[in-house]
Structure formats: structure tokens, C-alpha cells
1. Need a quick list: strands (runs of 3 or more DSSP E) entirely within region 106-209 having at least 2 residues that are closer than 24 Å to Leu31 by Cα, in contact (Cβ under 8 Å) with a residue 60 or more places away in the chain and not small (Gly, Ala, Ser).
2. Does Ala35 count as in a loop (DSSP other than H, G, I, E, B) and closer than 18 Å to His73 by Cα?
3. Would region 186-205 turn up any residue that is touching a strand residue (DSSP E or B) at 6+ places or on another chain (Cβ under 9 Å), open to solvent by 30 Å² or more (accessible area, probe 1.4 Å) and hydroxyl-bearing (Ser, Thr, Tyr)?
4. Answer with yes or no whether Ser64 is farther than 27 Å from Asp138 by Cα and small (Gly, Ala, Ser).
5. Out of the residues in region 41-67 meeting the condition of being of a type outside the set (S, T, N, Q) and part of a loop (DSSP other than H, G, I, E, B), tell me which one is least open to solvent (accessible area, probe 1.4 Å).
6. Please specify each residue of region 143-159 satisfying the condition of being out of contact with any helix residue (DSSP H, G or I) (no Cβ under 9 Å at 6 or more places or on another chain), surrounded by fewer than 19 Cβ atoms within 10 Å (Cβ to Cβ) and closer than 20 Å to Gln39 by Cβ.
7. Identify all residues within region 102-129 that are closer than 26 Å to Leu34 by Cβ and open to solvent by 40 Å² or more (accessible area, probe 1.4 Å); write none if there are none.
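The values are calculated or read from the model by the stated rules, or taken from the named source; none is laboratory data. If you're wondering where the values come from, they're calculated on a predicted model, not measured in any experiment. Cβ coordinates were reconstructed from backbone atoms using ideal geometry, including for glycine residues, and neighbour counts include every protein chain displayed. Quick note on the areas: whole protein, heavy atoms, side chains included, nothing else; ligands and nucleic acids left out. Shrake-Rupley method; radii C 1.70, N 1.55, O 1.52, S 1.80 Å.
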Amino acid sequence: MSIQSTLFSEIEKVILQLNPETISEERKAILQPLADFVQSKVSDAKEVRINFICTHNSRRSHLSQVWAQTIAHHFNINNVFCYSGGTEATALFPMAAKTLQNSGFEIKAISEGNNPVYSIKYAANEHPIIGFSKKLDDDFNPKSEFAAIMTCDSANEACPFVPGADIRIPITFEDPKAFDNTPQQAEKYQERSLQIATELLYVFSQIQS
């Protein structure tokens with residue numbers, strides 16, 4: 001009998017405060033194909049692989065990857081493996097990492113340089129998520145049997161076809177980068193992070209094991 005390790009209490013607290021009822025019907029329709037994909041894999045007892053794709057793999061795709069992995073764990077949905085990638089590689093933007101840290105994630109830089117690698121932990125006994133910027137077809141990411149989630153309009157337009165993906169689903173979010181170097185930066189990153197978390201909570205709350 002497997003015992004589910006618990007999330008860090010601060011993350012659990014954030015999740016319990018999320019309210020999926022704030023999501024519009026129009027937005028729920030955009031999220032539904034992802035819920036259907038996850039359900040089909042769970043029903044067939046197959047691994048669930050999700051690759052969140054943005055242009056630079058620096059903000060929205062990482063927030064989505066981390067929250068999806070965490071919320072799947074919250075609902076005790078096993079064999080979910082979340083990834084992220086870009087049409088080009090840049091770096092995980094420090095404010096995105098800081099925003100996750102503020103929600104209770106334990107984040108440690110495990111390499112330096114122009115594209116540092118981060119260990120992102122959501123539970124004491126779970127393997128950390130490895131966060132760094134990479135292209136969507138990087139060897140770190142799956143080559144087949146995954147859902148490609150396009151988290152920004154430009155990646156959605158630039159990648160009409162994602163090799164190896166079972167399904168390609170546009171779920172785009174506004175870019176908090178627009179508020180970099182402004183007094184609202186921290187607030188807007190937090191707002192986007194919580195929007196992503198709320199929508200993924202809605203997706204995974206539908207899954208019947």
C-alpha cells in the first residue's frame with residue numbers, strides 16, 4: 001500500500017484558497033481537452049506526459065509545469081510527468097522562481113551561468129522538479145505520447161505541429177513580462193501564477209481514477 005507524501009503546508013494552503021468557480025465557461029471549454037487527455041491516460045492506466053510550451057521557456061511554461069505536477073500530486077493522481085520547453089531556450093526568469101518560492105516551493109539553484117538549473121521541491125519525499133530553459137524537443141523532454149500545451153500565442157502560432165505529441169492544445173496566458181521593471185511586477189507574476197494554478201486545479205479535479 002503506497003502512502004502519498006504530503007505537499008509542503010504553505011503550498012497546500014495556497015491550493016485550498018484557489019477557487020475554480022471564478023473560471024468562465026468560455027475558459028473551461030479551452031481547458032477541457034487537457035482534462036480529457038489526462039482522463040483518457042488515467043483510464044487506460046498509462047503514464048500522463050504533459051509538455052508546456054512557450055516561446056522562451058522562461059515564465060508561463062515553467063509556472064504551468066510546476067503547478068501541474070504539484071496539483072496532480074495533491075489529487076493523488078500518479079504517473080503524471082510534467083515538462084516545459086520553448087521554441088528557443090533563454091533562462092528561467094528569476095521573478096518566476098521567486099513567485100513560486102513565495103507560494104511555498106523550496107527552490108535551490110544547482111548550477112549558475114546564463115541558463116541556471118533549479119531544483120524545485122513541492123513535497124519533502126518527492127523528487128524535485130528540475131527547472132531550466134530548454135527547447136521543446138530537448139532530450140530532457142518526452143519524444144512521444146504527450147500532450148503539447150501551448151501557453152503563449154506566439155508559440156501557438158510558431159508551432160502548428162509538435163512532433164511526437166498525441167495532442168496539441170492551446171491554453172494561452174497573458175505574459176507577466178509586460179510588468180518587468182514596474183512597481184506591479186511581483187503582484188502581476190503572483191496573479192498569473194495563481195490563475196495558472198486555479199485552472200490546473202479545475203483540470204485535475206475532474207479526473208476519476
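1. Numbers: elements: 106-109, 118-121, 129-131, 146-150, 165-170.
Output list reads 146-150, 165-170.
2. Values: in a loop (DSSP other than H, G, I, E, B): no; closer than 18 Å to His73 by Cα: yes.
Against the criterion (in a loop (DSSP other than H, G, I, E, B) and closer than 18 Å to His73 by Cα), Ala35 does not qualify.
3. Looking only at region 186-205, we keep the residues that are touching a strand residue (DSSP E or B) at 6+ places or on another chain (Cβ under 9 Å), and these are 204.
Okay, now just the ones that are also open to solvent by 30 Å² or more (accessible area, probe 1.4 Å), so none.
Within region 186-205 (the criterion being touching a strand residue (DSSP E or B) at 6+ places or on another chain (Cβ under 9 Å), open to solvent by 30 Å² or more (accessible area, probe 1.4 Å) and hydroxyl-bearing (Ser, Thr, Tyr)), the answer is no, since none of the residues qualifies.
4. On the way: farther than 27 Å from Asp138 by Cα: no; small (Gly, Ala, Ser): yes.
Judged against the criteria, Ser64 is not a match.
5. So in region 41-67, the residues of a type outside the set (S, T, N, Q) come out as 41-42, 44-50, 52-54, 56, 59-60, 62-63, 66-67.
Next, from what is left, pick out any that are part of a loop (DSSP other than H, G, I, E, B): 44-47, 56, 59.
Values: Asp44: 97, Ala45: 91, Lys46: 102, Glu47: 78, His56: 64, Arg59: 22 Å².
Step by step, filter region 41-67, then rank; the result is Arg59.
6. Ser144
7. Asn102, Lys121, Glu126, His127, listed by residue number.
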